[in-house]
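Participant: Below you will find the structure I want to go over with you.
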(Lines give C-alpha, C1' and ligand atoms only; values in the text may rest on other atoms or scores of the structure.)
Protein backbone atom coordinates (compact mmCIF):
# COMPACT_ATOMS: atom_id res chain seq x y z
CA UNK A 1 0.00 0.00 0.00
CA UNK A 2 1.49 3.32 -1.04
CA UNK A 3 0.82 6.62 0.66
CA UNK A 4 0.93 9.87 -1.24
CA UNK A 5 0.94 13.26 0.41
CA UNK A 6 -0.68 16.10 -1.45
CA UNK A 7 0.23 19.62 -0.52
CA UNK A 8 -1.96 22.36 -1.89
CA UNK A 9 -3.27 25.78 -1.05
CA UNK A 10 -6.85 24.87 -0.21
CA UNK A 11 -9.58 27.45 -0.57
CA UNK A 12 -11.47 28.04 2.69
CA UNK A 13 -15.12 27.00 2.84
CA UNK A 14 -14.88 24.57 -0.03
CA UNK A 15 -15.28 20.85 -0.59
CA UNK A 16 -12.84 18.87 -2.71
CA UNK A 17 -13.56 15.52 -4.32
CA UNK A 18 -10.79 12.98 -4.96
CA UNK A 19 -10.70 9.67 -6.83
CA UNK A 20 -7.71 7.39 -6.90
CA UNK A 21 -6.52 4.75 -9.33
CA UNK A 22 -3.37 2.65 -9.48
CA UNK A 23 -1.13 2.23 -12.50
CA UNK A 24 1.54 -0.38 -13.18
CA UNK A 25 3.17 -1.98 -16.23
CA UNK A 26 -0.15 -3.66 -17.13
CA UNK A 27 -2.12 -0.43 -17.19
CA UNK A 28 -4.42 1.62 -15.00
CA UNK A 29 -6.69 -0.03 -12.45
CA UNK A 30 -10.27 0.92 -11.64
CA UNK A 31 -10.99 4.31 -10.11
CA UNK A 32 -11.99 4.38 -6.45
CA UNK A 33 -15.24 5.75 -5.14
CA UNK A 34 -15.04 9.51 -4.58
CA UNK A 35 -13.81 10.85 -1.24
CA UNK A 36 -14.96 14.33 -0.26
CA UNK A 37 -12.77 16.54 1.92
CA UNK A 38 -13.99 19.80 3.38
CA UNK A 39 -11.85 22.77 4.37
CA UNK A 40 -14.45 23.85 6.95
CA UNK A 41 -14.06 23.76 10.71
CA UNK A 42 -16.41 23.20 13.61
CA UNK A 43 -18.83 26.11 14.01
CA UNK A 44 -18.39 28.79 16.63
CA UNK A 45 -20.56 28.47 19.76
CA UNK A 46 -23.96 30.18 19.59
CA UNK A 47 -23.94 33.47 21.44
CA UNK A 48 -25.76 35.04 23.14
CA UNK A 49 -28.02 32.45 24.75
CA UNK A 50 -30.94 33.52 26.90
CA UNK A 51 -33.48 31.63 28.99
CA UNK A 52 -36.60 33.51 30.10
CA UNK A 53 -40.17 32.87 31.13
CA UNK A 54 -42.36 33.88 28.15
CA UNK A 55 -45.22 36.32 28.61
CA UNK A 56 -48.86 35.31 28.49
CA UNK A 57 -51.41 37.23 26.39
CA UNK A 58 -52.24 39.44 29.39
CA UNK A 59 -48.57 40.45 29.80
CA UNK A 60 -47.79 38.41 32.91
CA UNK A 61 -44.94 35.90 32.94
CA UNK A 62 -45.69 32.24 32.31
CA UNK A 63 -43.83 30.42 35.07
CA UNK A 64 -44.84 27.04 33.64
CA UNK A 65 -42.49 27.48 30.65
CA UNK A 66 -38.93 28.55 29.92
CA UNK A 67 -37.93 29.76 26.46
CA UNK A 68 -34.30 29.28 25.38
CA UNK A 69 -33.13 31.48 22.47
CA UNK A 70 -29.76 31.65 20.75
CA UNK A 71 -28.16 33.42 17.82
CA UNK A 72 -26.78 31.44 14.89
CA UNK A 73 -22.96 31.50 15.05
CA UNK A 74 -20.38 31.55 12.27
CA UNK A 75 -20.44 28.20 10.46
CA UNK A 76 -16.67 28.35 9.75
CA UNK A 77 -16.97 26.95 6.25
CA UNK A 78 -19.41 24.09 6.72
CA UNK A 79 -23.16 24.73 7.04
CA UNK A 80 -24.72 24.17 10.47
CA UNK A 81 -26.82 21.00 10.37
CA UNK A 82 -28.27 20.97 13.90
CA UNK A 83 -28.05 22.36 17.39
CA UNK A 84 -27.55 20.34 20.57
CA UNK A 85 -29.49 21.73 23.52
CA UNK A 86 -27.95 20.18 26.63
CA UNK A 87 -29.67 20.60 29.97
CA UNK A 88 -28.08 19.91 33.33
CA UNK A 89 -29.65 16.79 34.81
CA UNK A 90 -29.27 17.15 38.55
CA UNK A 91 -28.34 14.11 40.57
CA UNK A 92 -30.09 15.45 43.71
CA UNK A 93 -26.82 15.85 45.65
CA UNK A 94 -23.98 17.85 44.14
CA UNK A 95 -23.50 18.38 40.42
CA UNK A 96 -24.99 16.37 37.62
CA UNK A 97 -24.40 15.88 33.91
CA UNK A 98 -25.52 17.68 30.77
CA UNK A 99 -27.86 15.63 28.58
CA UNK A 100 -29.75 16.17 25.35
CA UNK A 101 -33.39 15.08 25.38
CA UNK A 102 -34.91 15.58 21.93
CA UNK A 103 -38.40 14.97 23.28
CA UNK A 104 -38.00 18.18 25.29
CA UNK A 105 -35.98 20.24 22.78
CA UNK A 106 -34.91 19.01 19.34
CA UNK A 107 -32.28 21.33 17.89
CA UNK A 108 -32.40 19.63 14.50
CA UNK A 109 -35.97 20.63 13.66
CA UNK A 110 -36.58 23.22 10.97
CA UNK A 111 -39.15 25.98 10.62
CA UNK A 112 -39.73 27.26 7.06
CA UNK A 113 -36.61 25.41 5.90
CA UNK A 114 -34.34 26.98 8.55
CA UNK A 115 -33.03 25.45 11.76
CA UNK A 116 -34.94 26.95 14.62
CA UNK A 117 -33.09 29.09 17.14
CA UNK A 118 -35.42 28.60 20.08
CA UNK A 119 -36.92 25.93 22.34
CA UNK A 120 -39.73 26.22 24.86
CA UNK A 121 -39.46 23.89 27.84
CA UNK A 122 -42.27 22.99 30.20
CA UNK A 123 -41.47 23.21 33.90
CA UNK A 124 -43.08 19.77 34.40
CA UNK A 125 -40.45 18.24 32.04
CA UNK A 126 -37.64 19.95 33.96
CA UNK A 127 -38.98 18.49 37.20
CA UNK A 128 -39.70 14.95 35.93
CA UNK A 129 -36.84 14.45 33.45
CA UNK A 130 -34.03 16.61 34.86
CA UNK A 131 -34.70 16.55 38.62
CA UNK A 132 -35.29 20.30 38.93
CA UNK A 133 -37.33 21.73 41.77
CA UNK A 134 -39.67 24.68 41.53
CA UNK A 135 -37.66 27.95 41.59
CA UNK A 136 -34.37 26.22 40.57
CA UNK A 137 -32.26 28.10 38.05
CA UNK A 138 -32.07 26.38 34.65
CA UNK A 139 -28.57 25.48 33.50
CA UNK A 140 -28.32 24.75 29.76
CA UNK A 141 -25.71 24.76 26.98
CA UNK A 142 -26.38 25.11 23.23
CA UNK A 143 -23.87 23.72 20.71
CA UNK A 144 -23.87 24.27 16.95
CA UNK A 145 -22.94 21.23 14.81
CA UNK A 146 -21.86 20.75 11.19
CA UNK A 147 -20.19 17.97 9.16
CA UNK A 148 -16.88 18.61 10.92
CA UNK A 149 -18.20 18.45 14.51
CA UNK A 150 -19.86 20.50 17.25
CA UNK A 151 -18.79 23.76 18.84
CA UNK A 152 -17.25 23.72 22.29
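Participant: Please go through region 103-145 and pick out each residue that is farther than 20 Å from residue 54 by Cα, part of a strand (DSSP E or B) and without any contact (Cβ under 8 Å) to a residue 40 or more places away in the chain.
Facilitator: 110, 114
Participant: Looking at region 83-102, which of its residues are assigned to a loop (DSSP other than H, G, I, E, B) and touching a residue at least 12 places away in the same chain (Cβ under 8 Å)? Break it down into steps so the answer makes sense when it comes.
Facilitator: Applying the first criterion (assigned to a loop (DSSP other than H, G, I, E, B)) to region 83-102 yields 91-95, 101-102.
Matches in region 83-102: 91, 92, 101.
Participant: On to the next question. On the phi < 0 side of the Ramachandran plot, surrounded by 16 or more Cβ atoms within 10 Å (Cβ to Cβ) and at pLDDT 95 or above: does that describe residue 126? I'd like the intermediate steps shown before the answer.
Facilitator: Working: on the phi < 0 side of the Ramachandran plot: yes; surrounded by 16 or more Cβ atoms within 10 Å (Cβ to Cβ): yes; at pLDDT 95 or above: no.
No: the conditions fail for residue 126.
Participant: Output the residues belonging to region 94-123 that are touching a strand residue (DSSP E or B) at 6+ places or on another chain (Cβ under 8 Å) and on the phi > 0 side of the Ramachandran plot.
Facilitator: If the condition is that a residue be touching a strand residue (DSSP E or B) at 6+ places or on another chain (Cβ under 8 Å) and on the phi > 0 side of the Ramachandran plot, then 96 is the only one that fits.
Participant: Does region 16-32 hold any residues that are part of a strand (DSSP E or B) and either surrounded by 11 or more Cβ atoms within 10 Å (Cβ to Cβ) or in contact (Cβ under 8 Å) with a residue 12 or more places away in the chain (or both), and which are they?
Facilitator: Within region 16-32, 16, 17, 18 qualify.
The values are calculated or read from the model by the stated rules, or taken from the named source; none is laboratory data. Quick caveat: nothing in here was measured; it's all calculated off a predicted structure. For neighbour counting, all protein chains shown are included, and Cβ atoms are generated from backbone atoms with ideal geometry for every residue, glycine included.
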